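Below you'll find the structure I mean.
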Amino acid sequence: MELTFRKPQLDEMPQIMQFYSGAINKMKEEGIDQWDERYPNEEDFEEDIKKEQLYVGETDQGFASVFVLNQEYDEEYANGEWKEDIFYVVHRLCVNATMQAMGIGSKTMDYLENLAAERGAGSIRLDVFSQNKQALRMYEKRGFEKTGEVHWRKGMFYLMEKKIK
């Protein structure tokens, strides 16, 4: 399945919100209470688009993945035992609920890791909800290592890092 990446425009906001709504519903069906009406929200995505840090992965069937790549992070990231000084952070990575287990997540990670490396990063950082076992397995399989834990309103999240250079 061919996957191409681009930065979306503000007028695509309804599609982006519908995309995440589908993912949130699927996670709830699977007992993963990670995202809801408070987060992620439309204001977050509007800001991401304006800052040109939101990306969509597309197939001929529409949006397959959406993610944010930047160097911003919550203050709780200080809890991590990070190894690299130059890094990018992945936020709100989401695979289309109808396209999961098709390699979309791995292809998306390949793309964003290469993008970060081209920008001079030595690593990728992210946080993953401790109850999202599928995402945790994918990150561990790709070589991400736990560097710490944080507790946000939904529970425990693992801080993770992968060296890319």
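The values are calculated or read from the model by the stated rules, or taken from the named source; none is laboratory data. These numbers come from a predicted model, not from an experiment. Here Cβ is always computed from backbone atoms with ideal geometry, including for glycine, and neighbour counts include all displayed protein chains. Ligands, DNA and RNA are excluded from the accessible area calculation, which covers all protein heavy atoms including side chains. Shrake-Rupley method; radii C 1.70, N 1.55, O 1.52, S 1.80 Å.
What does the helix-only formula give at 222 nm for the chain: each DSSP H stretch with n ≥ 4 adding -39500 (n - 2.57), the total divided by the residues, and the result rounded to the nearest 500 deg cm²/dmol?
The per-residue figure over the chain is -9500 deg cm²/dmol.
Next up: Over the Cα atoms of segment 34-105, what radius of gyration and what Dmax do you get, in Å?
Calculated on Cα positions, Rg and Dmax stand at 14.1, 41 Å.
Given the pairs LYS28/LYS83; LYS107/LYS154; LYS26/LYS107, which span a C-alpha to C-alpha distance of over 26 angstrom in this model? The partial results should precede the final answer.
Numbers: LYS28/LYS83 34 Å; LYS107/LYS154 28 Å; LYS26/LYS107 21 Å.
From LYS28/LYS83; LYS107/LYS154; LYS26/LYS107, over 26 Å: LYS28/LYS83; LYS107/LYS154.
How charged is the neighbourhood of VAL89? Take every other residue with its Cβ under 11 Å from the Cβ of VAL89, and add Lys/Arg as +1 and Asp/Glu as -1.
So the surrounding residues net to -2.
Reported to two decimal places, what Rg/Rh ratio describes segment 23-165 when computed on Cα atoms with Rh from the Kirkwood expression? List each step's numbers first, then the result.
Working: Rg = 14.5 Å, Rh = 15.6 Å.
Taking Rh as the inverse mean 1/r over Cα pairs, Rg/Rh reads 0.93.
Now for a different question. With a 1.4 Å probe and all protein chains left in place, how much of the accessible area of segment 80-128 comes from carbon and sulfur atoms, in whole percent?
Result for segment 80-128: 45 percent of the exposed heavy-atom area is carbon or sulfur.
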